[in-house]
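Input: a single structure, listed below in structure tokens.
The values are calculated or read from the model by the stated rules, or taken from the named source; none is laboratory data. Because the structure is predicted, anything quoted here is derived from the model rather than measured. Here the Cβ is made from the backbone with ideal geometry for all residues, glycine too, and neighbour counts use every protein chain on show. The accessibility values were calculated without ligands, DNA or RNA, using every heavy atom of the protein model including side chains. Shrake-Rupley method; radii C 1.70, N 1.55, O 1.52, S 1.80 Å.
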Amino acid sequence: MVGVGMIFDETYRPFFEQVRRDGLYDRRFGLCEVELAAVASRTGQRAEAYRKSAGDRIGDFANYSGPEAVSQLLDQEVDFVCVATPDHRHFQSAMAALQAGKHVLIEKPSVLTLHQLDQLTQASEQHQKLCKVVYHKLLDPDHKKLRTLVVDGVLQHVNHGYCSLLEPKSIATGQFSEWITGRNPATYVAVHYIKLIDFTFGGKLQSVSCSGQRGLVGPANGSTWDSTQLRLIYRYADGRSAAFDIHTSWVTPDNFPGYVEQEVQFRFDNGVWNSHGRKRGVECTVEGLTPMQMKTTLNNHYNGTFQEPFGGRTQRGYGIEVLERFTREVAYVQLCQNPSSETDRL
Ligand SMILES: NC(=O)c1ccc[n+]([C@@H]2O[C@H](COP(=O)([O-])OP(=O)(O)OC[C@H]3O[C@@H](n4cnc5c(N)ncnc54)[C@H](O)[C@@H]3O)[C@@H](O)[C@H]2O)c1
């Protein structure tokens, strides 16, 4: 694991604990034991705190920190490497891991230039290793249903759409402040919606344009953006087109009830799809707890913790499932006993 921050805690940690407990089974390769072998981060402090608090939920893992952490991690006998560092630091670790002959899973956005993406693609082909990106929003049950209705022809021809994700100011100026200089909320989160639109509706991207505002997280004439508005135009095989606006920001007031506010609207020839983070599920208010210690609006799909009706508690959701899916793919490539070659399985 390269990077032990917020996303590690939200999805990778529960995944590694779950898979350590249950193993990974697939009848094509049998039972595969998966252990978190090593972690690399800047200071190693969060990993150390995690080790202390986790008890036997996780096995012993090597904890590397500092500038040599990734190469030390790659010297270990690990089968795959997950990269969850800040966005502009994905490429170096992912490339080093591929060159060391490891399968790689990278948090979105994979990298920040197409040239780097080409290099990673080439390295994964050359070293015959999987290299994949986590776009967990494709596994959102709501988005899966949207795509199902499109594939089944229930919703016909998308004409235009609007997607929005707004992060609170306290995250941008607190947790993100270490890496936010020179960055913008579009490469950070609009990528989720570009992927959703591309994957769900297909077509060919015809044009991209973008506007933005500055002055809150950085100076008004600086290189750090508060908010961005992307416009994508796609053309389809029947000669028709569609336009999509994606608005993202990380300067929403901290007391805004949406917390991380998400909205998706698509308008079709024969229908409209609207989903809204604050309206899709539950709004819950607890005196003295919401909205700061506990969120008023719950996302029960991503990595929720539940008391199961059949007893016991689980932490489950699509953020965790996508990690299991990738790990299964690595195991299928490496461990499968059937007579096909590793190249065929890749
Ligand atoms: N899939 C999602 O929905 C989702 C959600 C949030 C974040 N992310 C992505 O996950 C990644 C991590 O986000 P986060 O919020 O966990 O970040 P974070 O700032 O909380 O944690 C980053 C971690 O990377 C480590 N790190 C930084 N530079 C490093 C380096 N050069 N070598 C090794 N370790 C290094 C830090 O020590 C820290 O442990 C980002 O790319 C982000 O876009 C994805």
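If you go through region 206-228 and keep only what is surrounded by 13 or more Cβ atoms within 10 Å (Cβ to Cβ), assigned to a strand (DSSP E or B) and either touching a Gly at 6+ places or on another chain (Cβ under 7 Å) or of a type in the set (A, V, I, L, M, F, W, C) (or both), you end up with Cys210, Ser227, Thr228. Can you find a residue that is open to solvent by 50 Å² or more (accessible area, probe 1.4 Å), assigned by TED's automatic domain parsing to the domain that holds Asn184 and among the aromatic types (Phe, Trp, Tyr) anywhere in region 232-239? The answer is no; no qualifying residue exists.
Cβ separations smaller than 9 Å between residues 6+ apart or across chains give the following pairs from region 1-15 residues that are among the small types (Gly, Ala, Ser) to residues that are within 7 Å of the ligand (Cβ to nearest atom) and assigned to a strand (DSSP E or B): Gly3/Ala40; Gly3/Ser41; Gly3/Glu107; Gly5/Ser41. Taken together, Arg183, Arg147 contain a single residue that is within 30 Å of Gly304 (Cβ to Cβ) and more than 11 Å from the ligand (Cβ to nearest atom), which is Arg147.
Out of curiosity, is Arg235 of a type in the set (Lys, Arg) and out of contact with any His (no Cβ under 8 Å at 6 or more places or on another chain)? The answer is yes for Arg235. Between Lys144, Lys129, Lys195, the distinction of being more than 21 Å from Ile106 (Cα to Cα) and basic (Lys, Arg) belongs to Lys144 only. Checking region 198-217 against the condition returns a match, with at least one residue being more than 24 Å from Met1 (Cβ to Cβ), within 16 Å of the ligand (Cβ to nearest atom), in contact with a strand residue (DSSP E or B) (Cβ under 9 Å, 6 or more places away or on another chain) and assigned by TED's automatic domain parsing to the domain that holds Phe266.
Report those strands (runs of 3 or more DSSP E) wholly inside region 244-346 carrying at least 2 residues which are polar (S, T, N, Q), over 30 Å from Thr121 (Cα atoms) and open to solvent by less than 70 Å² (accessible area, probe 1.4 Å). Quick ask: steps written out before the conclusion?
Values: elements: 261-268, 272-276, 304-307, 313-316.
So the answer is 261-268, 313-316.
Is there a residue being more than 24 Å from the chain's Cα centre (by Cα) and modelled with pLDDT under 85 anywhere in region 240-255? No - not one qualifying residue is present in region 240-255. Evaluate the following for Ser164: is it modelled with pLDDT of 95 or more, part of a strand (DSSP E or B) and over 30 Å from Gln293 (Cα atoms)? In short, no. Here Val34 meets each of (1) open to solvent by less than 40 Å² (accessible area, probe 1.4 Å); (2) within 12 Å of the ligand (Cβ to nearest atom) with one exception, condition (2). Considering each residue of region 4-21 in turn, none proves to be in the same structural domain as Lys129 (by TED's automatic domain parsing), open to solvent by 70 Å² or more (accessible area, probe 1.4 Å), in a loop (DSSP other than H, G, I, E, B) and more than 11 Å from the ligand (Cβ to nearest atom).
Any residue that is closer than 30 Å to Thr148 by Cα and in contact (Cβ under 8 Å) with a residue 60 or more places away in the chain - is there at least one of those in region 221-236? Yes: region 221-236 contains one or more residues that are closer than 30 Å to Thr148 by Cα and in contact (Cβ under 8 Å) with a residue 60 or more places away in the chain.
Yes/no per residue for (1) outside the structural domain of Thr200 (by TED's automatic domain parsing); (2) under 20 Å from Val208 (Cβ atoms); (3) in contact (Cβ under 8 Å) with a residue 40 or more places away in the chain:
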{"residue": "Thr248", "(1), (2), (3)": "no, yes, yes"}
{"residue": "Tyr259", "(1), (2), (3)": "no, no, yes"}
{"residue": "Asn270", "(1), (2), (3)": "no, no, yes"}
{"residue": "Met292", "(1), (2), (3)": "no, no, no"}
{"residue": "Phe306", "(1), (2), (3)": "yes, no, no"}
